[in-house]
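Data first, discussion second: the structure below is written as structure tokens.
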Amino acid sequence: MLMRKLSIGYVVLLPDSKGAQITGESSEFCFKHSVNCNPSSTLLTIDENGRGGTKISTSKPYTVLQSSIFKALRDAFLKESDVLNLTLIKLVEPFSVCYAAERITRTIMGPRVPAIDLVLHSDEVYWRIYGSNSMVRIRSENIDGWCLRFVDGGFEPKASIVIGGHQFEDNLLQFDLERERLGFISSLLSRSTNCANFDFKTK
């Protein structure tokens, strides 16, 4: 069963009931071949006022990152993408990395781009974000491209990392608020299914 294959992280319910915050000091982004976008530990620590750290939010469509984290992720993503021989195109706001759709191969996991790992409290516990969740297709009269669906949230946001709704679409999340734990499975597309195939009705 899928529920037996959940990876476990740690969460705390936010007082304003607008999300859940991932606790610990190891919520960092990295790539399979280069770990060069690790943010400062001070940005990942949640202070006594609830600032910093990583938040999961259904009110944000995209993942919003503190500026230094965003720049590190963007630069690492561009570097990792070099080997795929993709073609950069004119940017579409609010995104900062866009590629020509004609140069990107489609797979079961979405557009073929570098996977992004959100590493939690241990290097062995990470949330892998594939192209289906990291990219968005932009079509207009003059543009047909895929854009990296992460945005710059400025230098002093309340949460350093806010994981938006698109990043956990078709990802299975299980919140255990009593034990302050988060169970998750990265994209269900890798298991040839999606959230639409689940019946979450309660008795």
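Overview of results
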{"read-out": "Odd one out for S81, checked against (1) of a type in the set (S, T, N, Q); (2) surrounded by 15 or more Cβ atoms within 10 Å (Cβ to Cβ); (3) modelled with pLDDT of 90 or more; (4) more than 24 Å from I143 (Cα to Cα)", "value": "(4)"}
{"read-out": "Output for region 21-70, where each listed residue is modelled with pLDDT of 80 or more, in a strand (DSSP E or B) and closer than 21 Å to P114 by Cβ", "value": "T54, T63, V64, L65"}
{"read-out": "Yes/no for L173 being surrounded by 13 or more Cβ atoms within 10 Å (Cβ to Cβ) and within 28 Å of Y99 (Cα to Cα)", "value": "no"}
{"read-out": "When residues of region 99-121 are limited to those that are hydrophobic (A, V, I, L, M, F, W, C) and over 17 Å from the mean Cα position of the chain (by Cα), the one surrounded by the most Cβ atoms within 10 Å (Cβ to Cβ)", "value": "I104"}
{"read-out": "Residues (open to solvent by less than 80 Å² (accessible area, probe 1.4 Å), assigned to a loop (DSSP other than H, G, I, E, B) and closer than 15 Å to T54 by Cβ) located in region 122-158", "value": "S122, V125, G153, P157"}
{"read-out": "Residue list for region 134-148, filter: touching a helix residue (DSSP H, G or I) at 6+ places or on another chain (Cβ under 6 Å) and farther than 19 Å from P61 by Cα", "value": "D144"}
{"read-out": "A76 of a type in the set (A, V, I, L, M), surrounded by fewer than 20 Cβ atoms within 10 Å (Cβ to Cβ) and more than 15 Å from I163 (Cβ to Cβ)", "value": "no"}
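The values are calculated or read from the model by the stated rules, or taken from the named source; none is laboratory data. Keep in mind that what you see is a predicted model, and the values were worked out from it rather than measured. Counting neighbours? That spans all protein chains shown, and the Cβs are built from the backbone with ideal geometry, glycine included. All accessible areas refer to the heavy atoms of the entire protein, side chains included, with ligands and DNA or RNA removed. Shrake-Rupley method; radii C 1.70, N 1.55, O 1.52, S 1.80 Å.
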